[in-house]
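The numbers here are math on the coordinates, done by the rules we state, and not lab data. Computed from a predicted model, the values in this text were never measured in an experiment. Virtual Cβ from ideal backbone geometry, glycine too; neighbours counted across all protein chains shown.
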Amino acid sequence: MRKLIFQEGAALVKGYIGVTDNDWFTFLSHQPGIDEVNFWQPGGRSQFRSLQPGELFLFKLHSPLNYIAGGAFFAHSTILPVSLAWQAFEEKNGAPSYFKMRQLIEKRRSASSRFEDYQIGCIILTQPFFFPREQWIPIPPDFSLNIVQGKTYDLTSGHGRNLWEQVQERLSQSSLDELAVPQMSDRPQERWGTPITFIPRLGQGSFRVMVTDAYQRRCAITREKTLPALEAAHIKPYKERGPHQVDNGLLLRSDIHRLFDSGYVTVTTDHRFEVSKRIKEEFDNGEQYSAFHGQKIHMPPTPQFKPSPEFLTWHNENVFRG
């Protein structure tokens, strides 16, 4: 039985029913144990803004399959080159290969050159769930079949509340692993009080994209903006139980990322770049890196995304070569 774990302090008020590519859904529903998906939008002209982090996103299949067949929890939205979306999520884009992903997208957008790295909208969702056919939920009576993208619902009343109750019932009957979700409060003062930002559990792809956007697509050290050259670095590595959290990340040019992971450079708790003297001693080189020594790094403008002193201290003490 799937166990619902409700997150204290985060009330679930709003949900969204998104019209879903059937091939995307079918492919992902047969992938065991996935922790995140990229719900792409082929146009790439506008960013999805209908939900806050942690709110419910449901998959409504294309007609004539007018059912809700699963869902997930919203983490982030952005617009990315199709190549970067594939690099970040691979099969979690709903396709077995980059070529097949482009085929699915190009069915729903104007013709493109095979060399064009066009932009797509990316709705990044975590903790996805997929219902078996016999548990699909009929769409609400007020969901028009003319809707192209989707519709927002209040989950505390009317059709929205009824829908959320059906989703919870099916999840409680599932044999999948436990699922952590924000709760829906029955007390109006909690529903309509000060909004609380809730970031659901992130996967590797979500981490990469959210760190990239948090740093405004600029290397924290060099301010480099060439996107294919930038990588999201864990400050405390995932293999060392470092979490996929934005405050455990730095956006770094790929060569600096490798030096950071190897301990030849670090970032201090006062957010200054530090270069180990061992680069010069071991390689008789490194002047380009030493030029940044002691400089303040480029920081995310959102306070909660700034690198955590806890993780920086760990890197300083356990990885940096001094």
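In a shell of Cβ-Cβ distance under 14 Å around Arg278, excluding Arg278 itself, what net charge do Lys and Arg (+1) and Asp and Glu (-1) give?
Neighbour charge sum, excluding Arg278 itself: -1.
Note down the relative contact order for the chain as a percent, whole number, built from C-alpha pairs under 8 angstrom at least six residues apart.
21 percent
Going by C-beta contacts inside 10 Å, put Met299, Met101 in order with the fewest on the left.
By the 10 Å Cβ count, ascending: Met299, Met101.
Calculate, axis by axis, the spread of Cα positions in segment 4-191 along the three principal axes, and write the results as whole Å, longest axis first.
53, 34, 33
Give the span of the chain's Cα atoms along each principal axis, as three whole-Å numbers ordered largest to smallest.
70, 51, 32
Cα to Cα, under 24 Å, and not fewer than 8 places away if on the same chain: which lysines meet these conditions relative to Lys280?
Correct list for Lys280: Lys296.
Using the charge dipole of segment 227-322 (Lys, Arg: +1 at Cβ; Asp, Glu: -1 at Cβ; taken about the Cα centre), state which of Thr313, Ile256, His244 has its Cα farthest towards the positive end.
So the residue we want is His244.
Please tell me the relative contact order of segment 4-191 in percent, rounded to the nearest whole number, where contacts are Cα pairs under 8 Å and at least six residues apart.
Relative contact order of segment 4-191: 37 percent.
Would you mind working out the magnitude of the charge dipole of the chain relative to its Cα centre, with +1 at each Lys and Arg C-beta and -1 at each Asp and Glu C-beta, to the nearest 20 Debye?
The dipole magnitude comes to about 580 debye.
Run down the aspartates and glutamates and flag those whose C-alpha is under 15 Å from the C-alpha of Lys277, throwing out any fewer than 8 positions away in its chain.
Glu287
What are the aspartates and glutamates whose alpha-carbon lies under 19 Å from the alpha-carbon of Lys151, with same-chain residues fewer than 8 places away excluded?
Asp21, Glu55, Asp142, Glu165
Farthest toward the dipole's positive end in the chain, which of Gln47, Val275, Ala95, given Cβ charges of +1 (Lys, Arg) and -1 (Asp, Glu) about the Cα centre?
Farthest towards the positive pole: Gln47.
Counting just the Cα atoms, what span does segment 56-126 cover along each of its three principal axes? Round to the nearest Å and put the largest first.
36, 29, 20
Take the alpha carbon atoms of segment 7-70, find their center, do the same for segment 231-302, and report the distance between the two centers in whole angstrom.
Value for the Cα centre distance between the two parts: 35 Å.
Kindly provide the Kirkwood hydrodynamic radius of segment 226-269 in Å, to one decimal, from all pairs of distinct alpha carbon atoms. Mind dumping the intermediate values first?
On the way: mean 1/r = 0.0927 Å⁻¹.
Roughly 10.8 Å, rounded to one decimal.
At 20 °C and 1.002 mPa s, grab the translational diffusion coefficient of segment 204-318 from Stokes-Einstein with a Kirkwood Rh over Cα pairs, rounded to a whole number in µm² per second.
This corresponds to a translational diffusion coefficient of 153 µm²/s.
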